[in-house]
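Have a look at the structure below, then the notes.
The values are calculated or read from the model by the stated rules, or taken from the named source; none is laboratory data. It should be emphasised that the depicted structure is a prediction, and the values quoted were computed from it without experimental measurement. Don't worry about glycine lacking a Cβ; one is built from the backbone with ideal geometry, like all the others, and counts go over all protein chains shown. Note: areas computed on protein heavy atoms with side chains; ligands, DNA, RNA excluded. Shrake-Rupley method; radii C 1.70, N 1.55, O 1.52, S 1.80 Å.
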Amino acid sequence: PDLDGYNMWDALIENKTSPRSEILHNIDPISKNSAIRNGKWKLIQGVSPAPWYPVYTTVENNNTGDQVYLFDIEADPTEHNNQAANNSDIVQQLQAKIQQYEANMVPAQNSAPDPNAEELITSMGYW
């Protein structure tokens with residue numbers, strides 16, 4: 001899928017419909033986190049989407065064991081109601097899109113996270 005090449009001018013200036021229906025928010029191959037939005041659906045994998053969202057409500061991804069969240073952004077813009085269990089077909093479609101992007105991305109040049117820094121950042125509430 002193409003990430004580039006959309007002329008957004010009319011959507012921004014004239015409030016017309018965006019030519020883009022999909023937004024890839026993130027793919028992190030080191031931490032195995034990813035997020036994508038397509039239409040009204042937003043899929044978040046591998047991490048709790050917000051501090052107020054309890055971790056124990058996750059749905060297990062059969063392929064990776066990662067936490068999976070699916071939100072209907074139009075009905076739930078604050079991302080409080082995980083719809084993954086009731087919409088496994090949409091979860092699978094969005095996971096396939098992430099896999100397509102991941103197959104075409106330039107490999108990450110990140111080094112592994114520093115466990116000491118990660119503990120400090122987490123304890124301060126940054127993530």
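Data overview
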| item | result |
| --- | --- |
| Packing-based order for 95-103, 29-37, using average beta carbon neighbours within 10 Å, highest first | 29-37, 95-103 |
| Ranked order, Thr17, Thr122 - accessible area, probe 1.4 Å, largest first | Thr17, Thr122 |
| Carbon/sulfur fraction of accessible area - segment 69-111, other protein chains in place, 1.4 Å, % | 44 |
| Reach of Lys32 by Cα under 28 Å, taken over lysines that are not fewer than 8 positions away in the same chain | Lys40, Lys42, Lys97 |
| Asp76 versus Glu118: modelled label distance in nm, points set 7 Å from Cα along the beta carbon direction | 2.7 |
